[in-house]
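Colleague: This is the structure, below, for whatever I ask next.
The values are calculated or read from the model by the stated rules, or taken from the named source; none is laboratory data. Computed from a prediction, not measured in an experiment: that's the story for all the values here. Reconstructed Cβ throughout: ideal geometry from the backbone, glycine too, with neighbour counts over all protein chains shown. Please note that ligands, DNA and RNA were not included when accessible areas were found on the heavy atoms of the full protein model with its side chains. Shrake-Rupley method; radii C 1.70, N 1.55, O 1.52, S 1.80 Å.
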Amino acid sequence: MDMILLDWTRMGKLYCLAGAVAEKGAVRIVRPLLLKHHDAPVRNVGWSAYLLDGHSRWEVFELLGPQTAQPEPPHLEDLWVRAIRSRGRLASPGQRREILAATVTEPDDAAFGAPLGNTRASLFLAPGTGQRSLTTLAVPAKQIQFTASQREGVDEPDYRVHLQVPALGDRWLPVKDHHLLCRAERAAADLPGRIKLLDQAVQQMGELVAVRLGLTRPFQSYGRARPRFLLAHGGRLLFPRRSSTLNRGGKTMDALLDHLLCRLTQVQEHLGIEPAASLSAASRFADVLDSMGMVEFLMLLAQDCGVTPPVIEECVGRNFRTVGELADAMAAAGMSRTTAQVVPGRISPRNVSPDSTPSPLQPPATAIWLTATASRLPERVQSGAAINAALDRPAGWFEGHAGIQQRRIWEDQDPLAAAVAAAYDCLNRSRLGMDEIGALLVTSEAPPLLAGLAAAIHHRLGLRPSTVALEVGGACTGFLAAVWTARGAGAECRGGPRDLR
C-alpha cells in the first residue's frame with residue numbers, strides 16, 4: 001500500500017504522521033502507527049525524527065504490513081504498519097489537487113463530525129465522539145495571523161495561529177506542523193523574524209488558504225478519557241486553495257508559464273539551437289533541449305526563484321516532461337510568487353528582448369566551516385600485557401617500544417554503527433536535519449569495509465538519494481583531503497556551502 005505523506009506533527013522528540021491513500025478511486029486519510037507499539041496503553045507513540053529527516057511532504061511511501069486498527073473516535077484514521085519505506089518520488093500535481101479537493105470540509109459541515117466544545121482557553125471534542133481527527137478548512141488569508149512566545153524552561157517556542165473556526169469564532173490555536181515550523185526556524189534566529197516570514201508567506205498565497213486542523217491524542221499519564229483538543233496541525237497553511245494546485249489557470253499561473261517559455265527560448269538561442277516555431281505548455285523538454293541546455297535552463301530558473309536547482313528538480317519529482325507540468329509543480333511548491341522576473345503577456349520565440357539574454361553564470365565563492373564534532377570509542381579495552389601476549393613478546397615490550405599502555409578494539413562491535421551514532425551527535429549539536437545535508441564525505445585510516453564505506457554510512461543515516469556519498473583516501477591526511485574536496489564541491493551541493501557537512 002502506498003501513502004502520500006501530508007504532514008508531520010511535532011510531539012516533543014517524536015512525530016505523528018498523516019498521509020493519503022488512494023483506494024477504489026477515492027482518497028482516504030490515514031495515520032500510520034508502528035505495529036511494535038500495538039500493546040501500548042495509548043496510541044500517542046510517534047515516529048523517530050532520525051527515520052524521517054531527509055524526507056519531504058508529498059513524498060510517496062510504501063506502508064509495509066498494514067493492519068486495521070481498532071476504532072477510537074475521533075481517531076478513525078489509525079493504521080498499524082510494520083514500517084514505512086520511501087519510494088523515492090513525489091506525488092504528481094494532479095494527485096495533490098485530488099487530495100486537497102477531497103479533504104476540504106464544507107462550511108456547513110461539522111469539522112470533525114461532531115460539535116466542538118468551547119472553553120475560554122481551548123476547543124475540544126468530547127471523548128468517544130467524532131468521525132475524524134483531521135480536517136481541512138478554507139480560510140481567508142487576511143484572517144490568518146501568527147504569534148509565538150518562549151516559556152522559561154521549555155526548549156521550543158509556543159507557536160500560535162489566529163483562525164476563524166466555524167460556529168466558534170476567533171481562536172489562537174497551537175501550530176505543530178514540522179515543515180511549516182522548520183521553514184520559519186531556518187529563515188530567522190529570532191521569534192519576530194520567524195513570525196514575519198510566516199505572515200508574509202500566507203498573505204502571498206491568495207484570498208483563500210487551505211488549513212489542515214487536527215485533534216490531540218490522549219497521553220499515557222491520563223488515567224481516564226480526556227477531550228481531544230484542537231490544533232492548527234499539519235497545515236497546508238502555505239498552500240492556497242485557489243492556486244494552480246486546486247484550480248489550474250489564473251493570472252499567476254499564466255505569468256509563470258510565460259516566464260518558463262521565455263527562459264526556454266533564451267536558452268535555445270544562447271546555445272545556438274534554432275528556437276521552436278511554437279512553444280507552448282504542451283512542449284516536451286526532450287524535444288526542445290539537450291542535456292546541456294536543460295542544465296542551463298534549470299540554473300536560470302533557480303536564480304529567478306531564489307532557490308537551488310535541486311529544489312526545482314524535487315518539486316517535479318526529477319521527471320521533466322512538459323513545460324506546463326513544470327509550471328504546475330513549481331506553483332504547487334510555492335515558487336510562482338518568488339519568481340524574480342515575470343514577463344507580462346504571452347512571449348513568442350521571436351519576441352525576446354536583447355536585455356533579457358542570460359549572462360554567464362559565475363560560481364559563488366565557497367566558504368566552509370566546522371560546526372560540530374563527535375566521537376565514539378569501542379567498549380572493549382585491550383591492555384599492553386594482552387598485546388604482548390598476542391604478539392608473543394616479553395612483558396613491557398609493547399609499552400616500551402610504542403609507549404602505549406592500552407588500546408580499544410572493536411571486537412564484536414559494529415564500527416559502522418558507531419560512525420552513524422557520531423554523525424547523529426554532530427547533527428544534533430549543529431541543529432541540522434537530514435534534508436540539509438548536501439554531501440557525505442568519508443575518510444578513514446583503517447576502513448572497516450574494503451569498498452563502499454561512504455555508501456554504507458549513507459544508507460544507515462537514511463540520507464536523500466540525491467545526497468552525494470564520496471570516499472576520500474589519504475590515510476592520516478585524509479581529513480585534509482576531505483576538507484579540500486568539500487570546499488571545491490560546496491557550490492554544487494543543495495543549498496550552497498552551508499549544506500555541505
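Colleague: Which condition number in (1) open to solvent by 50 Å² or more (accessible area, probe 1.4 Å); (2) β-branched (Val, Ile, Thr); (3) under 24 Å from the mean Cα position of the chain (by Cα) is the one that THR135 fails?
Modeller: Going through the list (1) open to solvent by 50 Å² or more (accessible area, probe 1.4 Å); (2) β-branched (Val, Ile, Thr); (3) under 24 Å from the mean Cα position of the chain (by Cα), THR135 breaks only (1).
Colleague: Residues of the range 72-97 being closer than 19 Å to ASN44 by Cβ, hydrophobic (A, V, I, L, M, F, W, C) and buried (at least 19 other Cβ atoms within 10 Å of the Cβ), which ones?
Modeller: Answer for the range 72-97, where residues must be closer than 19 Å to ASN44 by Cβ, hydrophobic (A, V, I, L, M, F, W, C) and buried (at least 19 other Cβ atoms within 10 Å of the Cβ): LEU79, TRP80, VAL81, ILE84.
Colleague: When the range 440-462 is examined, which residues are found to be open to solvent by 70 Å² or more (accessible area, probe 1.4 Å) and not in a loop (DSSP other than H, G, I, E, B)?
Modeller: Result: HIS459, ARG460.
Colleague: For the list (1) among the β-branched types (Val, Ile, Thr); (2) farther than 25 Å from HIS75 by Cβ; (3) open to solvent by less than 50 Å² (accessible area, probe 1.4 Å), I need the number of the one condition that THR147 fails.
Modeller: (3)
Colleague: Report, by residue number, each residue of the range 112-150 that is in contact with a strand residue (DSSP E or B) (Cβ under 6 Å, 6 or more places away or on another chain) and modelled with pLDDT under 80.
Modeller: Result: SER122, LEU123.
Colleague: When you go through LYS13, LYS36 one by one, which is the residue that is of a type in the set (D, E, K, R), modelled with pLDDT of 80 or more and open to solvent by 40 Å² or more (accessible area, probe 1.4 Å)? Break it down into steps so the answer makes sense when it comes.
Modeller: On the way: LYS13 fails: modelled with pLDDT of 80 or more.
Just one listed residue meets the conditions, LYS36.
Colleague: Moving on to the next point. Could you list all residues from the range 299-333 that are among the aliphatic types (A, V, I, L, M) and not in a helix (DSSP H, G or I)?
Modeller: Step one: filter the range 299-333 for residues among the aliphatic types (A, V, I, L, M), giving 299-302, 307, 311-312, 316, 323, 326-327, 329-333.
If the condition is that a residue be among the aliphatic types (A, V, I, L, M) and not in a helix (DSSP H, G or I), then VAL307, VAL316, ALA333 are the ones that fit.
Colleague: Exactly one of (1) open to solvent by less than 50 Å² (accessible area, probe 1.4 Å); (2) of a type in the set (Phe, Trp, Tyr); (3) out of contact with any helix residue (DSSP H, G or I) (no Cβ under 8 Å at 6 or more places or on another chain) is unmet by PHE124. Its number?
Modeller: Just one mismatch for PHE124, condition (1).
Colleague: Go through the range 72-94 and give me each residue that's assigned to a strand (DSSP E or B) and farther than 27 Å from VAL209 by Cα. Before you say what the answer is, go through the steps one by one.
Modeller: Quick first cut of the range 72-94, residues assigned to a strand (DSSP E or B) only: 72, 75, 78-81, 83-90.
Correct list: GLU72, LEU79, TRP80, VAL81, ALA83, ILE84, ARG85, SER86, ARG87, GLY88.
Colleague: Given the residues ALA22, ALA18, ALA40, ALA26, which is the only one that is closer than 15 Å to LEU215 by Cα and among the small types (Gly, Ala, Ser)? Quick ask: steps written out before the conclusion?
Modeller: Working: ALA22 fails: closer than 15 Å to LEU215 by Cα; ALA40 fails: closer than 15 Å to LEU215 by Cα; ALA26 fails: closer than 15 Å to LEU215 by Cα.
Only one candidate passes the filter, namely ALA18.
Colleague: Being crowded, with 23+ Cβ neighbours inside 10 Å, modelled with pLDDT under 80 and not basic (Lys, Arg) is true for just one of LEU279, LEU237. Which residue is that? Outline the logic, then answer.
Modeller: Details: LEU279 fails: crowded, with 23+ Cβ neighbours inside 10 Å.
Just one listed residue meets the conditions, LEU237.
Colleague: Do we find that GLU411 is in contact with a helix residue (DSSP H, G or I) (Cβ under 6 Å, 6 or more places away or on another chain) and either surrounded by fewer than 13 Cβ atoms within 10 Å (Cβ to Cβ) or modelled with pLDDT under 80 (or both) in this structure?
Modeller: Taking the combined requirement at face value, the residue does not satisfy it.
Colleague: For residues that are open to solvent by 40 Å² or more (accessible area, probe 1.4 Å) and assigned to a strand (DSSP E or B), tally how many sit in the range 430-439. First the steps, then the outcome.
Modeller: The initial filter retains those residues of the range 430-439 that are open to solvent by 40 Å² or more (accessible area, probe 1.4 Å), namely 431.
Retained after the next criterion (residues that are assigned to a strand (DSSP E or B)): none.
Matching residues across the range 430-439 total 0.
Colleague: Mind checking which pairs have a first residue in the range 398-424 that is farther than 15 Å from LEU453 by Cα and a second that is of a type in the set (Asp, Glu) and assigned to a helix (DSSP H, G or I), Cβ under 8 Å, 6 or more apart or different chains?
Modeller: GLN405/GLU399
Colleague: Looking at LEU215, LEU246, LEU261, which one is open to solvent by less than 70 Å² (accessible area, probe 1.4 Å), at pLDDT 80 or above and closer than 17 Å to ASP328 by Cα? Full working, then the answer.
Modeller: Details: LEU215 fails: closer than 17 Å to ASP328 by Cα; LEU246 fails: at pLDDT 80 or above.
Selected residue: LEU261, the only one of LEU215, LEU246, LEU261 that is open to solvent by less than 70 Å² (accessible area, probe 1.4 Å), at pLDDT 80 or above and closer than 17 Å to ASP328 by Cα.
Colleague: Now, a different point. Any idea how many residues of the range 95-125 are free of Cβ contacts under 8 Å to residues at least 40 places away in the same chain and either polar (S, T, N, Q) or not in a loop (DSSP other than H, G, I, E, B) (or both)?
Modeller: Final tally of qualifying residues: 2.
Colleague: Still on this structure: I'd like to verify a number: residues in the range 56-71 that are closer than 22 Å to LEU213 by Cα and either surrounded by fewer than 18 Cβ atoms within 10 Å (Cβ to Cβ) or under 21 Å from the mean Cα position of the chain (by Cα) (or both), how many? Working first, answer last.
Modeller: First pass over the range 56-71, keeping only residues closer than 22 Å to LEU213 by Cα: 56-60, 69, 71.
Then drop every residue that is not either surrounded by fewer than 18 Cβ atoms within 10 Å (Cβ to Cβ) or under 21 Å from the mean Cα position of the chain (by Cα) (or both), which leaves 56-60, 71.
So the answer is 6.
Colleague: Restricting to the range 126-143, name every residue that is of a type in the set (Gly, Ala, Ser) and not in a loop (DSSP other than H, G, I, E, B). Lay out the reasoning, then the answer.
Modeller: As a first pass, look at the range 126-143 and keep what is of a type in the set (Gly, Ala, Ser): 126, 128, 130, 133, 138, 141.
Passing the criteria: ALA138, ALA141.
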